[in-house]
Structure formats: structure tokens, C-alpha cells
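Okay, structure first, notes after.
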Amino acid sequence: MADAGAEQARGLAVRVAVVEDESLMRWMVRKIVEARPDMRMVHEAAGFAEGRDLVQPGTADVVVMDIDLGDGNGVALATLLQQRDPRLGVLLFSSHDVLDLVLAVRDTMRRPWSYLSKKSSLEPVTLARAIHATARGEVVLDPELVGKATAREGSALAALTQGQMKVLRLVAEGYSNAYVAEALQLSPRSVENHLHAIYKALDIPTENSNPRVMAVLAFVQQSSRY
Amino acid sequence: MADDVAARAPGLAPVGRMPRREDEREAARRALALGLVNVLAASLAAAGQWASWRTENELDIHVTSPDWWRVLAVFAANLVPSGLAVVVCLRWVGVWRYGWRRRLAVLASVAAASSLVRLLLLATLRYSPADLWFVVVEAAFGVLAVVLAVSLALYDFDVGAELRAAEVRRREEEARAEQAAREAQQAELDVRRDVSRRLHGSLQQRLVILTHRLERLSAMGASGDGGGARDGMADELRALADELDEVRERDVRELSHALIPVGVDIGLREALMIALGRLPATVSTSVTLDPVVLERLDAPDRPHMAVADRLLVLDVVEEGVTNAVRHGSAHTIAVHLGVDVGADVAFTVTLDDDGSGLAPGAHESGLARLRERLAKRGGSLTLSARSEGGCRLVARLPLAVDAARDGGATR
Ligand SMILES: Nc1ncnc2c1ncn2[C@@H]1O[C@H](COP(=O)(O)OP(=O)(O)OP(=O)(O)O)[C@@H](O)[C@H]1O
Ligand SMILES: [Mg+2]
């Protein structure tokens, strides 16, 4: 939560928009966002058309987007919104496991999306962490699905050591390096080292603008949750 | 196939376009009648003209009064050879079957022959002047009468053939649509049965058990007072919550996937990735796309592929992957979505696996069903062995020009 604190200190509360057709769900997201000083709710839309009209470019940092909207689908809307505003972060949430959508949209959108299941989104800490990390340009995955994922046989991911895998799982859940170090009782320096080893093993060039995101996407691609 | 011929050679007679025999015979009879009426009219005109010429002839060449039998003879000399020529062309040879070149060749020789016979007949009647120009004009008249008569008949035949072919196509289209509608109904019924069976079966059973456990728990709560009972209750509640979650995860989600695979409303690629993500960890898959597919056919904000087609492609991939794992023990499967511009523009799905390859004499079942569905959309399916080992499955789905009608984005 260090980064969030920094943003807040600079007076940059993350501006959140939510598009969700179930009013109860919308209300819960608002409650969670409003309870935190480092975020504020700027738009609430109940469907595709309303979301398209409300979330104008430059007015929000992250949109929390349900996939099944009554009058259209959330992926199409998020694509549209992000085309209008490339700086908008997208956090999908759905009751289905559509984690692979994160991969699917990667090719079309410049900025990859995050994904939380509806169940996890109801945990205030998880939702807040996902919103902050998404605002920073990271990809956050549903913690429960990350926990279930196992590396596919023969993949580069399967070749990671247990320690590296632990670090990558936490990164995929949207945790900062400082938190990872604390949780795994490592020094920040060795977390860095682990990350570099991971990039190398997954064949991600470190001069890439966002190796962290690439590593998380590789994690999705090379793992199975079934 | 008949349509192709006509489309590629528009100048040619619609060979083989006639799908129904009795229609064709009827048209041929019509052409014959039309041709005969034509030559009859021409002969009448010729005889009439000759008679009037006889009367008005002011040159003094063998003038005789135009006896009625002579007029009749001239009429017959006109009618019989031309009529025979028409019968030969339209009845014996049946020139309507052929292309223009052959039609012309037959027509020219038959017309020339009939014209010659006609001239000879007229000459035996000795009523024509022996002037060369007169002979040439008479010969040309004989040829023209036959050519015109037959051409008119053929024109009528061709126009009729086109109309009949269009009618037949329309009827076929209707039959196909009806068949498709019937099958769609059947498929829907099958899905309903399956869903209902699953609702009645496992889901209902599990809910019954859960209800029972909850009731027991509530009875325990009413009577129990000790701390031990409370501890037991907490554990049991926790277990119940887990069980409920599993019901949601397993039964409800699978059921909803059976109804409509997740993501299919969003786009083909999204649905594919979600479906492939479900594979066990022993299999790795990759999806590649031609850029044109991404930009034109399957952009998430404007998908141009009908949902039914996406479902079909998804089923092909699911069957292909299942086969590769089950029969070929494959470890990696590469899925490629592309567009193939061959005789027509078609969407293609290609699955390459690294399995054991094709066993000879394999009996098809799942693939046969898919092939049938694809054929109904004008597509095809082929399974072949790859030279580097493993199998390749290719499905081809022609792209309708109006594929854009399914604007899924805002629905
Ligand atoms: N990828 C593959 N690798 C090896 N053999 C294959 C592959 N795909 C198909 N086959 C062979 O082709 C046969 C026909 O496959 P098909 O899917 O039509 O039927 P099936 O899988 O046996 O039955 P069903 O699909 O109804 O469960 C298989 O039995 C198998 O022998
Ligand atoms: Mg099969």
C-alpha cells in the first residue's frame, strides 16, 4: 500500500468509475471506494449506453467494469472507452472465470486489463489493491485464481523455482515489491533479484517498458487453473 | 455447380442449368412449336407474295394464271424444308442443349440444306425467273426463315431456363432454411433436455443435502448451549459455505457454460482463449490470428461474425483439441485463425498438434457431425497427417458478404 500512500500524499486520489448493471453490486463497490481517502468515485453507470456517455476521456483513472451488462457487453465498452482514453485503466470483474480475457485483449489494447472475480471484489482490501495497481498501469489477477494456477508442463513458467513462483504470484495479485519482501521475509534487494531471474527465465527483455506486466501475462498464458 | 458454369461463361447457353427433366421437355416442346409457327408464317407470307407477284407480273415471262394448286405447292415448297429444318434443330439434335458455337454450326448447316431443298422444289415448279440475283435472294430467304425461327425459339428457351433455374434455386433455398430451422429447434431441445437433466440430477441433489444439513444445524442451535456445540456449529457452517461455493463453481458455472460458452458474445478470440484456458496443465496451446481477422472480423467493439458462426468455430476447436489429446496424446496444439481467399473468401481455423498422428481407417463421429454442420454453411472440414508428425485439422467457413449484420456490440 506504499504506492497508494504516496499518491494520496500528492493529493492524487484515484478517480474510479464503475459500470455494473446490478445495483447491489454497484452500491458495494461505491461503499468500498468511498471508505478510502485515496480513492473517489466519479461515475456510476448501470449499463453500456450510460457508461459510454458518462465516462468521458480524462475524467477517470480506472473503470471497474462488469462483463455482462444488460444492454451490451463490458468488454466492448471497455475497449471503446480505452480507445477514447488510452490512459484509462480497466479492471474487469465478472462472476465467470474469464481470466483468459486478459490475454485476449492484450493484443488489441495498448494497456492490458486487470481481472477480479465478483467474489474477490467484495473484499475491500483486495478491490482497493487492484484499483491502485491498475491505476499504476499494472495487471492484477484474481487472488483465488492465482492460487489455483499451476504451470503448464514444458512451459518456461514450469521451470521457475518455488521461490520465484511465490514472488510472481504475489506480483500477479498486485502487491508492491515492498509488500512482497515483507510477506516472504526477504530483503527488497533479493525480491529485485528474483524478479530479474523471472524475467530472464520467461524470456522478457528488461528494456521492455513494463516487464512486470509481461511477466504476469506470461503467468496467465502458461498456467492452468483446472 | 451448374451456377458456376453459367457465372463464368455468361455468353454460353446455360448448359446443365435445367434441374428438372419435365421442365426441360416442356420448354423444348414450346421452342419447337414456336419455331414451327414461325416457319409457317414465313411460308404463308412467301406463298402469298408469290401469288400476288404472279398477278402483278408485268414482264412477259411465262405468264400463267396462279392456279390454287400452284400456290399451295409453293407454300408446301416453303413450309416442308423449313419445317423439317426446325424439327431437326429443335427436336432431333436438340440444339438448346449446346453452347452458342455449336448451336450456330448446326443451325447454319441445317438452314443451308433446307434452303437448297426449297430452291430445288421451287425450281421444279418452274415458276421462278432464272436470274442469278433472284436465286441468291431466294436462297438467303430460305436460310433466314429457318435461322430466325430457330433463334427466336432458342431465345425463348434460354429466358425460360433462367427463370426456371431461379425458381428452382429459390425452392432449394427455402428447403435448406426449413431444414436448418428444424435442426436448430432440435438442437435447442437437446440443450434444454441436458440442462433440465443436470438441474434435476446433481444440482438438485446437492441442494437437498445442503438444506438438510442446514436444518440439522438450526435444530442444534435451538437445543445446544454448551461451548463445544458452538464450536461444532462454526465448523459445520464453514463446511456448508465451502460446499455452497463448490455448487456455484461446479454445477452452476458448468451449466451456464453448456448453455452459451463464456465469452462467445464478446468475440471469437475471447471465447477461444477462455475455452483453451480450461485445458489441463499437461496441454499447452497457442492462438494466432491473421491481422485481418483481428481488425475486420473479430474486433471486440464491432464483431462481424454471427454468434452462430462463432459457436460453430468454437465447437470445431473444442472437438479438435479433445481429439488431439484423447487420440493423439498431444502436448502442444497451435490454433490459427485466418482468412483464405480462394474461389471464395473464407474464414479458416487450423489446429496443428504434436500427437501420434492419424491412425489408418479411423472411424469419424464427432468430426462427421461437425463436417455436416459446416457443410450446411457451405464450409468444409479436413483432417490430415502432418509431415512433421501429428495431425492438422482445417475448417473452412465461407464469409457471407452480409456477415456484418450481426452487430453484437450494442445488443
Ligand atoms: N488429432 C488427432 N490425432 C490422432 N488421431 C485423430 C486426431 N483427430 C482424430 N483422430 C482420429 O480420427 C477418429 C475420428 O475422430 P472423431 O472426433 O470423428 O471421433 P471420436 O473422437 O472417435 O468420437 P467422438 O468425437 O464422437 O467422441 C478418431 O477416432 C481418431 O482415431
Ligand atoms: Mg472426437
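Structural remarks
- Of the residues A:93, A:219, B:75, the one with the fewest other Cβ atoms within 10 Å heads the list, and the complete ranking is B:75, A:219, A:93.
- In range of the label at residue A:96: residues from the stretch B:181-199 whose backbone nitrogen is under 17 Å from the point 7 Å along Cα→Cβ: B:195
- Per-peptide average of other Cβ atoms within 10 Å, ordering B:103-115, B:359-371, A:185-197 highest first: B:103-115, A:185-197, B:359-371
- Shape call, the stretch A:46-118: gyration tensor on alpha carbons, a/c limit 1.5: oblate
- Protection proxy ranking for B:387-395, B:340-348, using the average of other Cβ atoms within 10 Å per residue and placing the highest first: B:387-395, B:340-348.
- Springs between Cα atoms under 10 Å define the GNM used for chain A, and in it the highest mean-square fluctuation of A:88, A:103, A:116 occurs at A:103.
- GNM flexibility winner over chain A from A:183, A:149, A:13 (Cα, springs under 10 Å): A:183
- Relative exposure of B:155, A:115, judged by other C-beta atoms within 10 Å (fewest first): B:155, A:115
- When each of B:333, B:260 is scored by the number of other beta-carbon atoms lying within 10 Å, the sequence from fewest to most is B:260, B:333.
- Under a 5 Å amide H cut-off, with hydrogens placed 1.01 Å from N, residue B:298 pairs with B:304 among residues at least 5 apart or on other chains.
- Taking the protein assembly as shown as the region of interest, the number of lysine pairs whose Cα atoms are within less than 25 Å, with members eight or more places apart or on different chains, is 9.
- For the stretch A:81-174, applying the loop criterion from DSSP together with a ceiling of 16 other beta carbons within 10 Å to the GluC sites (Glu not before Pro) yields A:153.
- Alpha carbon Rg of the stretch A:2-144, scaled by the compact-globule rule 2.2 N^0.38 Å: 0.93
- Whether the stretch B:268-408 is rounded, prolate or oblate, judged on the alpha carbon gyration tensor where a/c under 1.5 counts as rounded: prolate
- Relative contact order [Cα under 8 Å, 6+ residues apart], the stretch B:74-224, whole percent: 23 percent
- Here the translational diffusion coefficient of the stretch B:75-148 follows from Stokes-Einstein with Rh set to the Kirkwood radius across Cα pairs; for 10 °C and 1.306 mPa s it amounts to 126 µm²/s.
- For the stretch B:123-272, the spread of Cα positions along each principal axis, largest first, Å: 140, 29, 15
- Less than 5 angstrom separates the built amide H of residue B:357 from those of B:390, B:391, all sequence-distant by 5 or more or on a different chain.
- The Cα trace of the stretch A:149-224 gives Rg and Dmax of 11.5, 31 Å, the first to one decimal, the second as a whole number.
- Translational diffusion coefficient (Stokes-Einstein; Kirkwood radius from C-alpha pairs) of the protein assembly as shown at 10 °C, 1.306 mPa s, in µm²/s: 50 µm²/s
- For the protein assembly as shown, calculated [θ]222 nm from helices alone, where every DSSP H run of n ≥ 4 adds -39500 (n - 2.57): -18500 deg cm²/dmol
- For the pair the stretch B:135-168 and the stretch B:203-259, the centres of their Cα atoms are 87 angstrom apart.
- Per-pair calculated FRET efficiency, R0 = 60 Å: residue B:168 and residue A:203 via Cβ, rounded to 0.05: 0.50
- Phi to ³J(HN,Hα) by Karplus 6.51 cos²θ - 1.76 cosθ + 1.60 over the stretch A:44-51, Hz, x for Gly, Pro: 10, 10, 9, x, 4, 5, 5, x
Readers should treat all values here as calculations from the given coordinates under stated rules, not as data from a laboratory. Just so you know, these numbers come straight off a predicted model, no measurement behind them. Glycine also receives a Cβ, built like all others from the backbone with ideal geometry; neighbour counts cover every protein chain displayed.
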